[in-house]
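Asks: Below you'll find the structure I mean.
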Amino acid sequence: MTNTIIVEAGGHWAGVVPKGDTLTIVDLKGGQGVDFLCYNAEHPEERYHAPNTLKAALTLKLSAGHKLYSDDARPIFTITEDTFDGHDTIGGCCSEVSNEMLYGVKGISGCRENFLKGLKTFGLGRRDIVPNINFFCDVPVNDERALKDTVFVPSKAQAGARVSLRAEMNALAVISNCPQVNNPCNHGNPTEIEITLTAAD
Ligand SMILES: [Zn+2]
């Protein structure tokens, strides 16, 4: 059984993915960043932990076979399929305050505000936001461990790029379809994405 949802440009989605089920995110038009957080749905104080994930993967860029580990060092999701190969783990989410810090624009909300809307549905809030994954985003690091001025470079995701995540526990997933237009992460033109939930056989 599958359930497909369209998340509009700049929109958000939050939901529980039962253990064994698969969440697939499709970048329908290409070049769209998708910010992602995940939690143990039953005990959300256990949540995605970037350092554990990176230390297990031995890379800053995630792809098929990598697991999204929690702060309790347990896998929340496994990336089972991926046509993008190299999802960002260090750029974090955009926000109203970082948009002013980085780009000098005021009152422009971002993924952090989307996360807050999604988390609120599940009784969670600001204290539950941790550094997130950016699916279909590219944050290059050079040989001197430096970042580019723009941090994000234009996504190489083609139309139809997809990543599939199998839940390794009953998992709460929170997604922000990034509204950013001040850096190249969405090619200056945020577009809709598709989410598909597929039940285990
Ligand atoms: Zn964003």
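Asks: Just to check I understand the Karplus step: with θ = phi - 60° and J = 6.51 cos²θ - 1.76 cosθ + 1.60, what whole-Hz values come out for region 132-146, glycine and proline as x?
Replies: Per residue, the Karplus-derived 3J(HN,Hα) values read 10, 8, 10, 5, 6, 10, 10, 10, x, 10, 8, 5, 8, 6, 9 Hz.
Asks: Calculate the spin-label point distance for residue 106 paired with residue 3, positioning each point 7 Å from the Cα along the beta-carbon direction, and give it in nanometres.
Replies: Inter-label distance under the simple model: 4.2 nm.
Asks: Measure off, as a whole percent, the carbon and sulfur share of the 1.4 Å-probe accessible area of region 71-201, all protein chains present. Show your work: numbers first, answer last.
Replies: Numbers: 3080 of 6420 Å².
With neighbouring chains kept in place, the figure for region 71-201 is 48 percent.
Asks: Say each of residue 122 and residue 72 gets a label point 7 Å from the Cα, pointing the same way as Cα to Cβ; how far apart are those two points in nm?
Replies: Simple spin-label model gives 1.4 nm for this pair.
Asks: Moving on to the next point. Would you mind calculating the relative contact order of region 2-198 from Cα pairs under 8 angstrom and at least 6 residues apart, reporting the percent as a whole number?
Replies: Details: 528 pairs, mean separation 87.0, N = 197.
Relative CO of region 2-198 lands at 44 percent.
Asks: Pull up the cross-link candidates among the aspartates and glutamates for residue 120, meaning alpha carbon to alpha carbon under 13 Å and not fewer than 8 places away within one chain.
Replies: 128
Asks: Sticking with this one: Suppose R0 equals 30 Å; then what is the FRET efficiency for residue 156 and residue 199 from their Cβ-Cβ distance, rounded to the nearest 0.05? Mind dumping the intermediate values first?
Replies: On the way: r = 31 Å, r/R0 = 1.04.
For R0 = 30 Å, the calculated efficiency reads 0.45.
Asks: Still on this structure, I have one more. For labels at residue 16 and residue 144 in the simple 7 Å Cα→Cβ model, what's the distance in nm?
Replies: Between residue 16 and residue 144, the label points sit 5.0 nm apart.
Asks: Here's another thing I want to ask about it. Per residue, how much accessible area does the chain have with a 1.4 Å probe, in Å²?
Replies: 47
Asks: On to the next question. For region 2-198, what does the alpha-carbon gyration tensor say about shape, rounded, prolate or oblate, given a ≥ b ≥ c as the root eigenvalues, a/c under 1.5 as rounded, and a/b over b/c as prolate? Don't jump to the answer; show the numbers that get you there.
Replies: Numbers: a/c = 1.31, a/b = 1.23, b/c = 1.06.
It comes out rounded by the Cα gyration axes.
Asks: Let me ask something else. How about region 12-79: which GluC sites (Glu not before Pro) there lie in a loop by DSSP and see at most 15 other Cβ atoms within 10 Å?
Replies: Filter output for region 12-79: 42, 45.
Asks: Here is a follow-up. Going down the table (55/106; 67/106; 29/67), which pairs top 32 Å between alpha carbons?
Replies: Result: 55/106; 67/106 exceed 32 Å.
Asks: Ignoring everything except DSSP H segments at least 4 long, calculate the 222 nm mean residue ellipticity for the chain; use -39,500 (n - 2.57) per segment, divide by total residues, nearest 500. Walk me through the intermediate numbers first.
Replies: Values: 3 runs with 26 residues, N = 201.
After summing the helix terms and dividing by the residues of the chain, the value is -3500 deg cm²/dmol.
Asks: Distance between Cα centroids, region 5-66 to region 130-171: provide it in whole Å.
Replies: About 11 Å separates the Cα centre of region 5-66 from the one of region 130-171.
Asks: If the rule is a partner Cβ under 4.7 Å, which cysteines in the chain fail it?
Replies: Within the chain, the cysteines lacking a partner Cβ under 4.7 Å are 38, 94, 137, 178, 185.
The values are calculated or read from the model by the stated rules, or taken from the named source; none is laboratory data. The structure presented is a predicted model; accordingly, all values stated were derived computationally and were not measured. We place every Cβ from the backbone using ideal geometry, glycine too, and count neighbours over all the protein chains shown. Side chains are part of the model used for accessible areas, which takes the heavy atoms of the whole protein and leaves out ligands, DNA and RNA. Shrake-Rupley method; radii C 1.70, N 1.55, O 1.52, S 1.80 Å.
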